[in-house]
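Below is one structure, written out as structure tokens, with a few remarks after it.
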Amino acid sequence: MKEKLFEITSEPIKVDQLIKKVESRNAGAMTTFIGTVREWTKGKRTLYLEYQAYIPMAEKMLKTIGDEIQRKWPDTKIAITHRIGRLDISDIAVCIAVSSPHRKAAYEANEYAIERIKQIVPIWKKEHWENGETWIGDQLENVAYPTGKPKMEGDNE
Amino acid sequence: MITVLLFAHLQDEIGQRELKLAITEVTVKDLKQTLTESYHLSQMETTMVAVNEEYALDHDVIRAGDVVALIPPVSGG
């Protein structure tokens, strides 16, 4: 099986597999970021999330982020997997693994990757609550919902 | 013919995953304008456009055979 360093999948993410992808004899540090589905956001209870991606472009953009990281932190190795489809509370939505000779670069590169994912990778999440649903449209999460509140069934818009 | 891929709320609004448009040449800006008016799409001012899987600018030209994607603000992670 060909190993993809940058992948969109509809299957549950296996963190140990990502760690394997960045293993290196030159590594003295590995960082993993695991993004999970949160139940409560600003007082609203999420039942589950639905992620959608423009898959070929999303994988290409993940690769672009990998290239940017190679330029900024040349000795790192990085793998990113993002899951799409229906995800329940506590499911893993995204995992980023970075290995590096020293820990500082591994931490920095990993944080850089998640920030860039939220800026350029064409993936969208739809939040489902007990009484409504909406696509979340603000990648920087400054505003939880575009209208300032979740769209309720029966709202006129 | 150009293909326009739709995602997130835009897909819900149109009720389709893609559109086939009989256009031979159009700028990104003009295509956004046309689609916004024809389909009453919301939040198009914050929607980006990708042509053949690369982000495009307003003045870029889309030609027959291109695959265009409307990219609302992303929310991965």
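Brief remarks follow.
- From the options B:GLU18, B:GLU13, B:GLU37, residue that is surrounded by fewer than 16 Cβ atoms within 10 Å (Cβ to Cβ), more than 24 Å from A:GLU7 (Cα to Cα) and within 14 Å of another protein chain (Cβ to nearest Cβ): B:GLU13
- Residues satisfying the stated conditions in the range B:40-63, i.e. assigned to a loop (DSSP other than H, G, I, E, B), more than 10 Å from chain A (Cβ to nearest Cβ) and surrounded by 13 or more Cβ atoms within 10 Å (Cβ to Cβ): B:LEU41, B:ASP60
- Residue pairs meeting the criteria (Cβ under 7 Å; at least 6 apart or on separate chains; first closer than 14 Å to B:VAL68 by Cβ, in the range B:6-29; second among the aromatic types (Phe, Trp, Tyr) and open to solvent by less than 80 Å² (accessible area, probe 1.4 Å)): B:PHE7/A:TYR54; B:PHE7/A:TRP124
- Which numbered condition B:ALA69 fails, given (1) at pLDDT below 95; (2) facing chain A (nearest Cβ under 7 Å): (1)
- Of the residues in the range A:118-125, at least one is under 20 Å from A:ILE13 (Cα atoms) and free of Cβ contacts under 8 Å to residues at least 24 places away in the same chain.
- Of everything listed in (1) touching a Pro at 6+ places or on another chain (Cβ under 9 Å); (2) within 13 Å of chain B (Cβ to nearest Cβ); (3) within 15 Å of A:THR32 (Cβ to Cβ), the single unmet condition for A:THR76 is (2).
- Any chance B:ASP30 is assigned to a helix (DSSP H, G or I) and more than 14 Å from chain A (Cβ to nearest Cβ): yes
- Within the range A:50-73, restricting attention to residues that are crowded, with 17+ Cβ neighbours inside 10 Å and away from chain B (no Cβ under 14 Å), the residue that is farthest from A:GLU133 (Cα to Cα) is A:TRP73.
- Which listed residue is loosely packed, with under 13 Cβ neighbours inside 10 Å and either within 14 Å of chain B (Cβ to nearest Cβ) or touching a Gly at 6+ places or on another chain (Cβ under 7 Å) (or both), from A:SER10, A:SER90: A:SER10
- Hits in the range A:18-45 - residues which are more than 30 Å from B:VAL49 (Cβ to Cβ) and β-branched (Val, Ile, Thr): A:ILE19, A:VAL22, A:THR31, A:THR32, A:ILE34, A:THR36
- Residues in the range B:1-10 that are part of a strand (DSSP E or B) and among the hydrophobic types (A, V, I, L, M, F, W, C) were compared, and the one that is most open to solvent (accessible area, probe 1.4 Å) is B:LEU5.
- Condition met for A:LYS44 (modelled with pLDDT under 95 and exposed (fewer than 15 other Cβ atoms within 10 Å of the Cβ)): no
The values are calculated or read from the model by the stated rules, or taken from the named source; none is laboratory data. Note that the structure is predicted; figures quoted are calculated from it, not measured. Backbone-built Cβ (ideal geometry, glycine too); neighbour counts: all protein chains shown. For the accessible areas, the whole protein counts, side chains as well, though only heavy atoms, and no ligand, DNA or RNA atoms are used. Shrake-Rupley method; radii C 1.70, N 1.55, O 1.52, S 1.80 Å.
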